[in-house]
Structure formats: C-alpha cells, structure tokens
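The values are calculated or read from the model by the stated rules, or taken from the named source; none is laboratory data. Since we're looking at a predicted model, the values are computed, not measured. All Cβ positions, even for glycine, are placed from backbone atoms using ideal geometry, and neighbour counts span all protein chains on display. Note: accessible area is taken over every heavy atom of the protein model, side chains too, but ligands, DNA and RNA are not part of it. Shrake-Rupley method; radii C 1.70, N 1.55, O 1.52, S 1.80 Å.
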Amino acid sequence: GGPLAALGVSSAGRLSVGAKSPLTGGIKEANAGGTLADSLARLGYRALVIEGRPRHSSWSLLVIEEGGPSLLPATPYQGLGNEEMAERLQADFGPYYSIASIGPAAEQQRPTAVVAITDTKGRLSRFAARGGLGAVMGSKGLKAILVRADGGQSPRLNDATAFRAAARDFNHEVATSPRTESLRKYGTASTVGLTNSWQGLPTRNFRQGVFEQAEDIGGEALYDLITSRGGQGDPSEACMPVCAISCSNIVPDSTGRRIVSALEYETLVMLGSNLGIGDLDAIARLNRICNELGIDTIEIGAALGLLMEAGKIPFGDWKRTAQSLREIVDDGTLGSIIAQGCAYTGRTLGLARIPAVKNQSLSAYDPRAIKGTGVTYATSPMGADHTAGLTIFAPIDHHHKDGQVALSRSSQLDRAAYDALGLCIFLMAATGGKPELVSRLLNAAYGCSLEPGYIHRLGGEVIERERAFNHTAGFGPQDDRLPAFFSSEPLGPGRLLFDIPLEELQSIWEATAAGQGAFQG
C-alpha cells in the first residue's frame, strides 16, 4: 500500500502487486482497489515481501492480525473460484478480514492469472490483473492472504492539523471535478463512445477501429440497463472505503440478481467489440467467468480474438467463447492455449497479426488512432499496458504523430508516481495538474519538504529502476516497438497508421524535456 493509505484521502488505498512477470519475463506492477491496503496500513505494514514457499507441498493461508502473521493450511479451499472463496473464508474466519486470493487459473500457474482483492462489500471483485501475478502468488503456495480489517489504528501524522486541511482540499478537488461526475454516473464505460469516435476501438482482433454496436455497450447503455433492472444493480459504487469517484458498478440480470461487479471499459472492449460481441449481458457473463477463474480479461480477450481470427470460434459467438473460457481449468484444447496469453496463442495458431508487446497484449485502444498510448505500449517497461501511460483524455489530435512521444513520456512519469504512492489514476483528472496537492499531503503526514516537482521525479526514478530490471532480464531497444502490422495495415476510413519513427520511440527516456508538464487525463 501507499503512504497515504488509511488516512482518509480519497482513492489513496490502492494495493500494488509486483514481481517478475511469468507472461513477459520482465518487471511487472499491477494494482487494485479494495480494502487490503488500508487494512495493512492500520496494522503498521506498508509492504509484504513473499519469498520461497513452505516446505510442505499443500496450499497455505497467510493470516495477518495485530499479534503478527501466521500460516495456516488451505487445502479445503483448493480449486475454489473467487466468489465461493470469499464466502467460505468469511464463514470460517468471520467478516472482519480483507482478502487477497487467487482462483483456479493461478493454482495451475497460468500466466494470465490475477490476484483478487475484496471490495467494501467483502466480494473478491477488485483485481491486480496484468502480467500473470496471480501465478506468482500461486507459485508461493499461497491460496489467500487475510488481513484483519477491524484492528490497529490509523498511521500517526507529523502534523495532524495541516494534514486534515490538505486532505479536505484534495478530496474537494476530486469530488467537484467534471471527470469525476462522469465516472460516478457512467463508470469507465463512458470511454467506449470517446474511443469509438476517434476510430480507435479494437474491433474483431484490431481489424477495425469503429464498432457498429458501440452505443449498445457504452456508458449510457450500461447505466440504463443497471437502473432499469434495479434489484442488486448499482451504477455507482466505491471499491475502497474512502473514494469520492465511485466509478465501480454492479450489473444485474433481468431478475435483478448480480451478474458481475464491476464491468469496466477494458472488459467491455476486449470481451466485447474485439470479439464482435455487442450484448451487455453476454459480456457481463463472460466477465463473471473470468473473475471466478481469476484471469485477466484484457489478455484473455486478445487471445480469444486470435482464436476467432484463426476461425476456431466465429466472431460474435459468446456461448462458444464462454465454453473456451471454462476449458482454461478443464484442460480443453482451446482453453489450454488461450490460458498462456495472447502472444503464445498467436504463435501456436501460426498467425502474423499478434497484438502484443513484450509478450503482453495491447489493451483497448488501437495505437493507430490513439498514438500517444501506442507510444506507451511500445516503450513502457511493463509491456503493452494502458495503465502505464494512457493519453486518450488529452485535448489533442490523437491521429497526428507530432508531440505524442512527449505526451506519453509525461503520462508514464505521472502514472508511475501515482502507482508508487497508492493513488488511483482516476484522480489525475482532478489532481494531476496540481501536484502541490499531493506534496502537501505527504509533507504534513511525514514532516518532509517535498516540492510539487517531486511527482515527476518519483515517476522517473520508478521507471529507471524498472528499465534496469528489464535490462538485466535481457530486454533491449529491439523490444520497444509495436507489432509491424500497426505500421503497415491502414485502419478505417482515415487510413490511419502508427507512423511515429522508431528513433523517436527509442529516445523517449534519454532526458526529460525542459518545462514538460503533466497531462490531465
């Protein structure tokens, strides 16, 4: 967790999970909302370092309470999906724990596996999803980590009065941001229409950038579906205890019973338009299967797109898609292939058009249309990962190549810093242009004297360490590029190509441009 966890700061309780990725072979950081980071902070923990595994071969639970940690047998929970896992643990241990858990896919060491975190309702519905970090947790023999949530106390503050004033200003800035208002009502699904309007919505394995059913799976359609069905549905829910944004949701079926929480932009696209599926109910049910198995919807959506490209499943056939997902842990042929990720799937099927960088799939923005994010895909130490430096919300022409490298660099620096500080990246629309809001909080909490420019410097330090790790792991400049088809295969009516010269990509980390500012997104 970050230094502001459990201190009453909006959206400052993100949990960061890091390891060498079994998918990319390089450094990987993935983070999630939920309650675990706050619970750890109240018990006095800022980080857990897990090394090795118990000598016995059975599975374990790591339980952390005020008296310290203990390791308990987890054999009775082996093979459980995340929803049943949460129910069983709460029945056996009580409701007073925050949980990090893995599903069956991680038990089987699938490099697409995620770590699931409990939300404010005790559901394992928040995911550190990218890069196969669930498989790393599984390699340690850990089925779950339980952290006592009703004990301990808030971390001590250097200047409580100054901190309360700084937190009040920070939270007000977040709560009154226009971007917060949109996210609170429509969630991340609000981005579907925006990306589609820029001709950058991955459709049918990145063959198209405009989806004819985009309106049917966008923010307004999802809001209308949730509110019209009522029941357990909720279009706006906070995933962590203190959050003014509340961009999560609960999607109900026609009877009002919950299908999944939450249905997010990346899943709507990678399990929706990318597969030619334009039905919210179908996408929600595919999302539920992925959550239960504990697999990354972005990576698996890209792998499924390649199955469809190869003719193994027709585009748009969600029932066959669901069958293939269930095969991931049932050793079915197609499931066993896609469980290894997008790049492996493409190579196994002999395909040339594989949307991956450093062995990790692109997420839900086509780089020919959203070129700054394409730069991030190519140059981030994380592999193709929009969370490392998304640019879609910048007020620029995303089709024009000029300025995109600088934009991506600035976004990558800011987002690396926010991740390191445990701050949700959706804060950046409100606070990204006011770094003094963050430095004020840190100074009051810890008695330091950080300047607003600290955010950019921190991001630079993080990325340089990540690049050094990757260099040791064998990565070099040859890995910082997009698949060739994005530069040779025109996209849509605009005949768009990713046309940023390779030498510009490779110069991105040479130096910080003088006066370069953070973009607000």
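Numbers at a glance
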| item | result |
| --- | --- |
| Test: residue in the range 71-88 that is in a helix (DSSP H, G or I), closer than 17 Å to A19 by Cβ and within 24 Å of the chain's Cα centre (by Cα) | no |
| Residue within the range 407-427 that is on the phi > 0 side of the Ramachandran plot and in contact with a helix residue (DSSP H, G or I) (Cβ under 8 Å, 6 or more places away or on another chain) present | yes |
| Matching entry among L362, L325, L293 (being open to solvent by less than 40 Å² (accessible area, probe 1.4 Å), over 21 Å from V115 (Cβ atoms) and of a type in the set (A, V, I, L, M)) | L362 |
| Unique match (being under 21 Å from P355 (Cα atoms) and of a type outside the set (S, T, Y)) among G230, G200 | G200 |
| Those residues of the range 251-266 which are open to solvent by 10 Å² or more (accessible area, probe 1.4 Å) and without any contact (Cβ under 8 Å) to a residue 40 or more places away in the chain, in sequence order | D253, S254, T255, R257, R258 |
| Residue selected from the range 338-355 under the condition farther than 14 Å from T24 by Cα and open to solvent by 10 Å² or more (accessible area, probe 1.4 Å), by the criterion nearest to the chain's Cα centre (by Cα) | I354 |
| Selection status of Q340, more than 26 Å from F426 (Cα to Cα) and either part of a loop (DSSP other than H, G, I, E, B) or in contact (Cβ under 8 Å) with a residue 40 or more places away in the chain (or both) | yes |
| Condition met for L334 (touching an Asp or Glu at 6+ places or on another chain (Cβ under 9 Å), outside any helix (DSSP H, G or I) and surrounded by fewer than 24 Cβ atoms within 10 Å (Cβ to Cβ)) | no |
| Residue within the range 374-383 that is in a helix (DSSP H, G or I), of a type outside the set (F, W, Y), in contact with a Lys or Arg (Cβ under 6 Å, 6 or more places away or on another chain) and open to solvent by less than 10 Å² (accessible area, probe 1.4 Å) present | yes |
| Qualifying position, being open to solvent by 30 Å² or more (accessible area, probe 1.4 Å), touching a Leu at 6+ places or on another chain (Cβ under 6 Å) and not hydroxyl-bearing (S, T, Y), among G1, G52, G8 | G1 |
| Per-region count, the range 20-61, residues within 17 Å of the chain's Cα centre (by Cα) and at positive phi | 1 |
| Odd one out for D169 among (1) without any contact (Cβ under 8 Å) to a residue 40 or more places away in the chain; (2) touching a helix residue (DSSP H, G or I) at 6+ places or on another chain (Cβ under 9 Å); (3) among the charged types (D, E, K, R) | (1) |
| Those residues of the range 180-203 which are charged (D, E, K, R) and more than 19 Å from the chain's Cα centre (by Cα), in sequence order | E181, K185 |
| Any hit, the range 125-142, residues being farther than 30 Å from I300 by Cβ and either of a type outside the set (D, E, K, R) or part of a helix (DSSP H, G or I) (or both) | no |
| Any chance S254 is under 22 Å from L222 (Cβ atoms), in a loop (DSSP other than H, G, I, E, B), over 18 Å from the mean Cα position of the chain (by Cα) and among the hydroxyl-bearing types (S, T, Y) | yes |
| Test: residue in the range 163-184 that is among the basic types (K, R) and under 18 Å from G33 (Cα atoms) | yes |
| Hits in the range 298-322 (condition: open to solvent by 10 Å² or more (accessible area, probe 1.4 Å), without any contact (Cβ under 8 Å) to a residue 60 or more places away in the chain and at negative phi) | A310, K312, P314, D317, W318, K319, R320 |
| Residue count, the range 1-24 (criterion: part of a loop (DSSP other than H, G, I, E, B) and either at pLDDT below 95 or within 30 Å of A343 (Cα to Cα) (or both)) | 6 |
| Subset of the range 56-70 (residues that are closer than 19 Å to D150 by Cα, touching a residue at least 12 places away in the same chain (Cβ under 8 Å) and not in a strand (DSSP E or B)) | E66 |
| Residue tally, condition acidic (D, E) and more than 22 Å from the chain's Cα centre (by Cα), over the range 214-251 | 4 |
| Single residue of R123, R130 found to be out of contact with any strand residue (DSSP E or B) (no Cβ under 8 Å at 6 or more places or on another chain) and either under 21 Å from G332 (Cα atoms) or touching a residue at least 12 places away in the same chain (Cβ under 8 Å) (or both) | R123 |
